[in-house]
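Visitor: I'd like to ask you about the structure that follows.
What follows draws every value from the coordinates through simple rules; no lab data is involved. In this text the structure is predicted, and so the values were computed from the model without any measurement. Reconstructed Cβ throughout: ideal geometry from the backbone, glycine too, with neighbour counts over all protein chains shown.
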Amino acid sequence: MTRINVTVDGVSNADDVEPRMLLVHYLREVVGKVGTVVGCDTSNCGACTVHLDGRSVKSCNVLAVQADGHEVTTIEGLATNGELHPMQTAFHENHALQCGYCTPGMIMQAVDLLRENPDPTEEEIRVGLEGNLCRCTGYHNIVKAVAAAAGSMSSERSNA
Ligand code: FES
Ligand code: FES
C-alpha cells in the first residue's frame with residue numbers, strides 16, 4: 001500500500017491505496033465521491049471526467065497515486081456556497097440530459113473547455129466534447145447548454 005495525500009473538492013485526504021488503484025475508484029470507493037461515475041473503464045466514454053489541478057482528466061485513465069499532492073475537483077465540488085455552477089444551471093435550463101449518466105463528466109469537460117476557450121463556436125464545442133459520449137441526447141442540447149454557459153459566464157465577467 002502507498003500513502004497518498006489528495007485534496008478532493010477542497011478537503012484534504014490522506015489514504016493508503018494499492019499502487020494500481022485507479023483515481024476513479026479512489027474517488028468513489030475511498031473518498032465517497034459517487035457523483036463521478038464509471039461508464040467504460042477503458043478511457044472511451046468520459047463519464048469519469050474530473051479536474052486534476054484545474055484540468056480535465058478521465059479519472060479511469062489516472063492512477064490514484066498520480067494524484068498524490070494534487071487537487072481534484074469532482075462534479076460534487078463544482079457548486080459554491082450552495083449555488084450551482086453556471087454550467088450546471090445551463091445544463092438544467094437547456095434540458096441537456098436525459099438519463100444523466102454522462103452528465104457529471106460532460107459538465108466537467110465543458111467547464112475545462114470554456115477555461116481554455118471562453119467563447120467557442122458550435123464546432124469548437126463539439127470538438128471539445130468529442131471524448132465524452134452520450135447515448136441519449138443526440139448532443140444538440142448539450143452544445144446549446146455549453147454555449148449558454150459561455151454567454152452567462154462572459155456577462156458575469158463583464159459585470160464583475
Ligand atoms: S469510465 Fe473513464 S472514460 Fe469511460
Ligand atoms: S444523458 Fe444519458 S448518456 Fe447522456
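Visitor: Show me the ranking of peptides 131-143, 147-159 by mean Cβ neighbours inside 10 Å, starting with the highest. Walk me through the numbers before you get to the answer.
Guide: Values: 131-143: 17.5, 147-159: 13.9.
Listed from highest to lowest mean packing, they are 131-143, 147-159.
Visitor: For the stretch 73-85, what does the Karplus curve 6.51 cos²θ - 1.76 cosθ + 1.60, with θ = phi - 60°, yield as ³J(HN,Hα) per residue in whole Hz, taken in order and with x for Gly and Pro?
Guide: With the stated coefficients, the stretch 73-85 comes to 10, 10, 4, 6, x, 7, 6, 10, 6, x, 9, 4, 5 Hz.
Visitor: For Cα pairs less than 8 Å apart in space and 6+ apart in sequence, what is the mean separation divided by the residue count of the chain, i.e. the relative contact order in percent? Could the numbers behind the result be given before it?
Guide: Values: 289 pairs, mean separation 37.0, N = 160.
The value is 23 percent.
Visitor: Hey, how many Å between the Cα centroid of the stretch 94-160 and the Cα centroid of the stretch 64-80?
Guide: Cα centroid to Cα centroid, the span is 20 Å.
Visitor: R135 versus S154, label points 7 Å from Cα toward the beta carbon: distance in nm?
Guide: 3.6 nm
Visitor: Moving on. Give the calculated FRET efficiency between C40 and E93 to the nearest 0.05, with a Förster radius of 41 Å applied to their Cβ-Cβ distance. All intermediate terms of the calculation are to be shown ahead of the outcome.
Guide: Details: r = 29 Å, r/R0 = 0.70.
Rounded to the nearest 0.05, the efficiency is 0.90.
Visitor: To continue, here is another question. In sequence order, what are the phi-derived ³J(HN,Hα) couplings for the stretch 155-160 according to the Karplus relation 6.51 cos²θ - 1.76 cosθ + 1.60 with θ = phi - 60°, rounded to whole Hz, with x for glycine and proline?
Guide: Rounded to whole hertz, the list is 6, 4, 5, 6, 8, 6.
Visitor: Using the crude model of +1 on Lys and Arg Cβ and -1 on Asp and Glu Cβ, and no other charge, please compute the dipole size for the chain relative to its Cα centre, in debye to 20. Please list the in-between numbers first.
Guide: Numbers: 11 positive and 20 negative charges, 53 e Å.
Roughly 260 debye for the chain.
Visitor: Here is a further query. How big is the chain on each of its three principal axes, counting only the C-alpha atoms and giving the largest first in Å?
Guide: In descending order, the Cα extents are 46, 36, 24 Å.
Visitor: Continuing with the same structure: Which angle from 0 to 90°, rounded to the nearest 10, does the C-alpha axis of helix 103-116 make with the longest principal axis of the chain?
Guide: Approximately 70 degrees, to the nearest ten.
Visitor: Could you please tell me the mean projected area of the C-alpha convex hull for the stretch 1-64, averaged over all directions and given in square nanometres to one decimal?
Guide: Details: hull surface 15.8 nm².
With every direction weighted equally, the projected area is 3.9 nm².
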